[in-house]
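The block underneath contains the structure these notes are about, expressed in structure tokens.
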Protein chains: 2
Amino acid sequence: MVSTLKPQLGANPERARSHNKQLVLRAIRHVGTAGRAEIARASGLSTQAVSNIISDLLGEGLLIEQGVRSAGRGLPVQQYAIKPDGGYAFGVEVRPTAVFTALVDLVGTPVLTRRTPLRSAEKSTILETVFAQLDSVLTETQIGKGALMGAGIVMPGPFGDTGLTGTDSELPGWNTGDPAEIFANTLDLPVFVENDANAAAMAERMNGIARGLDDFAYLYFGQGLGLGLVQKGQILQGAFGNAGEIGHIQVLVDGQAVALESATSRLSVQAFLAREGLEVTNMEDLISLYSSANRHLLLWLDNAAQALSSALSIIENLFDPQTVILGGAMPDELLDHIIARTALPERSVSNRPDRVHPRLMRGTSGRMTATLGAAALVLHQAFTPTIAEAR
Amino acid sequence: MVSTLKPQLGANPERARSHNKQLVLRAIRHVGTAGRAEIARASGLSTQAVSNIISDLLGEGLLIEQGVRSAGRGLPVQQYAIKPDGGYAFGVEVRPTAVFTALVDLVGTPVLTRRTPLRSAEKSTILETVFAQLDSVLTETQIGKGALMGAGIVMPGPFGDTGLTGTDSELPGWNTGDPAEIFANTLDLPVFVENDANAAAMAERMNGIARGLDDFAYLYFGQGLGLGLVQKGQILQGAFGNAGEIGHIQVLVDGQAVALESATSRLSVQAFLAREGLEVTNMEDLISLYSSANRHLLLWLDNAAQALSSALSIIENLFDPQTVILGGAMPDELLDHIIARTALPERSVSNRPDRVHPRLMRGTSGRMTATLGAAALVLHQAFTPTIAEAR
DNA sequence: AGCGTTAACTCAACTTTCTTGAGTGTTCAA
DNA sequence: TTGAACACTCAAGAAAGTTGAGTTAACGCT
């Protein structure tokens, strides 16, 4: 979901330049540092065009010179890299009880992250809090608003009034109106809104384990379980922005059909352990239970792995991704355990001898993944050529 | 899967023009006939640019003048339409025992369709047959090869060596090498290869019930059951071209987990009825059983509808499409019956009050859907702007 | 019926951006 | 030492889009 006007699909010199600029930035980002000729080959532009564009980008402060490198014959290569402070992205994760914010620089390094409790989950409170945080973050970091390229907002999906409405941890009052537009008006910035799983997937793609991957799926442990889908480098949103609602599909655990997220989610492990009289409220509780090899937790993990195996079969056969990443608000040890115990379906298009990536990998999880992913939405946009595909 | 070299991502005047041309063609195709100003508004180009492009396209024989229409004030609109004989697409569907071919004009009207039995399912036999058919079709229709814009090939997936290899009706010898490239070399044409479900989805989008839809799913009754996914107007292919292999995922029928296509496919109904001593070999047999309200068939239909309901839940929640279309090699009556009996999952992101399309619709099925879809792949390309999104 | 307004379209000048080809400088290898 | 390979720059040229003024036709108000 984006807050933009109708895209201008036609190409003219100006739009072509903008497109090519982003192409050059992306090519440089892809390899870290690069010279003109290399970029020209990667983009299909002439060296001269790349030269001109680079000189523009240097002027705009988006690139820095990175010394020369003499590689083989010929004139040594003058190299360029993304200038980290060439721009910033504001990432926001809205949860019912708190707002997480992050300011991230152009290469994806977090400059500052914060957690701000919410007085209430009211729409107006959220908007005020986010606005105040933006303001305070900018003054604290001494970064001008002009350097801000946009804001990414992570909100619990699904968006709009759907058959899943009324479940989980929703926020009241957002079913009407386009959230992206509302935030864009409040913040006076380009705004991108996604659910946690999609944002987390983008975070992994920008700076995590999914760097360089263009087609993958991300299973995100949030309150429930979400699925972020990246196809040809783009988030798969669906017609109404609600693709990836995997939590409610039925999977098999011990021959019984259950909703995936009733077997595989943070709420699920809490409920499962509560039935055994164990109260876990945070990740540390889980870690200590795991390190003491608590048999109830181990049982839950096995159930989760079983459910996950079914889910994996569905995801792989429907999307044929390069890999499936597991991450989110769950301790790394537990994710690793689940991954090790998850049977990789044999009857799957992903079961191919020539694979280069494992079928199931752990993400660089952490509490802030989704928030940083929110910021990554903005960066992704900045590095994505603008002349759009057909609609 | 496409047989092209690395795409030239950079924009230059020439590529911009090609992009804009396709934009204009698509805008005209979208509404049937259109004037310059209208196209300019739709594309974000100036009227003048559109004028120049239209004059080019007239010269290339891709457009025809379509008289004037005086709409309100102002100078009457000079209208243009796609010239049907401005180009042709060759569609091929390869099955183990026969090759189906179709020649389709620029607006999607079939000029000629054929079924050619195969002497064997050998790769070389197939290539020879397809080549001979292309030749014979061109001479019979008196259409020059220069007017051919490309060939679309439908082959049973999955492509490459996967965990699903060894099942169903595969063709031997295609697991190595890129089929698109092999056909491109044989036919000396741009070639697009997809599975039957994807091609059928494109057929529906070009001239069928999915006209104007950009995000939908197509459940295709072939030998098994395939899923064609269209996202933002493009076929979702997956990292290795095998997305949509839905037939092998587990669904619930009467509380039992079964593979979807063991409950919902042509093979499935044949097997089910065979167990009751009923032999059906073609669609007519099914139709007559249905019109006599055969209780075994009705039972199978109920099972199929149950399985489909599970599948629908998965498809809707993972893709959030505008609609799901059911079609392929199954009589319309039976499809309608299944659709009427399929419970629409309540817990689905597609269960929204503001829907405009039904959640489940019947495609304009027919024996040739996939073959015409093969041709539609070529047409789709011709109407899709070329400056690509990020990869 | 007359006349101003609206709208589509064309013409010609101008602008932006890309490409091309010649030229320069550096490095490696024979 | 010399020539080939390669990165890059300079200057000229080409392609395609935009802009703004001008033309034509239809509508609608008086």
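Quote the relative contact order of region B:62-199 in percent (integer), defining contacts as alpha-carbon pairs under 8 Å separated by 6+ residues. The partial results should precede the final answer.
Working: 232 pairs, mean separation 28.9, N = 138.
For region B:62-199, the relative contact order is 21 percent.
For helix B:369-382, report the angle its Cα long axis makes with the longest principal axis of the Cα atoms of chain B; keep it between 0 and 90° and round to the nearest 10°.
30 degrees
Assuming a ≥ b ≥ c are the square roots of the Cα gyration tensor eigenvalues, decide whether the protein assembly as shown counts as rounded (a/c under 1.5), prolate (otherwise, with a/b larger than b/c) or oblate. Show your work: numbers first, answer last.
On the way: a/c = 1.63, a/b = 1.10, b/c = 1.49.
Judged from the Cα gyration tensor, the protein assembly as shown comes out oblate (a/c at least 1.5, b/c at or above a/b).
Shape of region B:13-82 from its Cα gyration tensor (a ≥ b ≥ c, root eigenvalues): rounded if a/c is under 1.5, otherwise prolate when a/b > b/c, or oblate? Intermediate results must be reported in sequence, preceding the final value.
Numbers: a/c = 1.89, a/b = 1.48, b/c = 1.28.
The shape class here is prolate.
Between A:GLN66 and residues 5 or more places away or on another chain, which pairs have amide H atoms under 5 Å apart, with H built 1.01 Å from N, and which residues are they?
A:GLN79, A:TYR80, A:ALA81
Quick one: how many Å² of B:TRP300 are accessible to a 1.4 Å probe, rounded to 10?
Number for this one is 0 Å².
Pairwise over distinct Cα atoms, reciprocal of the mean inverse distance: report the Kirkwood radius of region B:71-146 in Å, one decimal place.
Values: mean 1/r = 0.0692 Å⁻¹.
Roughly 14.5 Å, rounded to one decimal.
Whole Å is fine, so just give me how far the alpha carbon centre of region A:244-262 lies from that of region B:293-339.
The two parts, judged by their Cα centres, are 21 Å apart.
Partner chain Cβ atoms within 10 Å, averaged over the residues of B:242-252 - can you pull that number for me?
Details: counts 9, 9, 5, 9, 3, 2, 7, 10, 9, 3, 3.
Mean partner-chain Cβ count within 10 Å for B:242-252: 6.
Could you name the lysines in cross-link range of A:LYS232, using Cα to Cα under 18 Å and dropping any fewer than eight places away on the same chain?
B:LYS6, B:LYS232
Between region A:125-176 and region B:70-122, how many Å separate their Cα centres?
48 Å
Rounded, prolate or oblate: which one fits region B:323-391, using the alpha carbon gyration tensor with axes a ≥ b ≥ c (rounded when a/c is under 1.5, else prolate when a/b beats b/c, else oblate)?
Details: a/c = 3.41, a/b = 1.33, b/c = 2.56.
In terms of gyration-tensor shape, oblate.
Report the Stokes-Einstein translational diffusion coefficient (µm² s⁻¹, integer) for region B:212-363, Rh taken as the Kirkwood radius over Cα pairs, at 4 °C with viscosity 1.567 mPa s. Mind showing how you got there, number by number?
Values: Rh = 15.8 Å.
The estimated diffusion coefficient comes to 82 µm²/s.
Output the antiparallel fraction of DSSP beta bridges having both residues in chain B, as a percent to the nearest 5.
Values: 34 of 53 bridges.
Percent antiparallel among DSSP bridges in chain B is about 65.
If contacts are Cα pairs under 8 angstrom and at least 6 residues apart, what is the relative contact order of region B:37-124 in percent?
With pairs under 8 Å counted, the relative contact order is 17 percent.
Among the lysines, select those whose C-alpha is under 19 Å from the C-alpha of B:LYS83, and discard any that sit fewer than 8 residues away in the same chain.
The qualifying lysines are B:LYS21, B:LYS145.
Given N residues in region A:118-239, what is Rg(Cα) / (2.2 N^0.38 Å)? Write out the running numbers ahead of the final one.
On the way: Rg = 15.6 Å, N = 122, 2.2 N^0.38 = 13.7 Å.
Against the compact-globule rule of thumb, the ratio is 1.14.
Once phi is turned into ³J(HN,Hα) by the Karplus curve 6.51 cos²θ - 1.76 cosθ + 1.60 with θ = phi - 60°, what whole-Hz value does each residue of region B:16-33 show in order, with x for glycine and proline?
4, 4, 4, 4, 5, 4, 5, 4, 5, 4, 5, 4, 5, 4, 4, 10, x, 10
Quick one: Debye curve from the alpha-carbon atoms of chain B only, equal weights, vacuum; give me log10 I(q)/I(0) at q = 0.06, 0.10, 0.13 Å⁻¹ to two decimals.
For chain B at q = 0.06, 0.10, 0.13 Å⁻¹, log10 I(q)/I(0) is -0.26, -0.70, -1.12.
Could you give the size of the charge dipole of chain B about its Cα centre, using +1 on the Cβ of each K and R and -1 on the Cβ of each D and E, expressed in debye and rounded to the nearest 20? Mind showing how you got there, number by number?
Working: 31 positive and 39 negative charges, 257 e Å.
The dipole of chain B has a size of about 1240 debye.
Relative contact order for chain B: what is it in percent, counting Cα pairs under 8 Å that are at least 6 residues apart? Write down the numbers at each step before the final one.
Numbers: 733 pairs, mean separation 74.2, N = 391.
The normalised contact order for chain B reaches 19 percent.
The values are calculated or read from the model by the stated rules, or taken from the named source; none is laboratory data. For clarity, every value in this text was computed on a predicted model and none was experimentally measured. Heads up, the Cβs are rebuilt from the backbone with ideal geometry, glycines too, and the neighbour counts pull from every protein chain shown. What goes into the accessible areas is simple: the full protein's heavy atoms, side chains included, and nothing from ligands, DNA or RNA. Shrake-Rupley method; radii C 1.70, N 1.55, O 1.52, S 1.80 Å.
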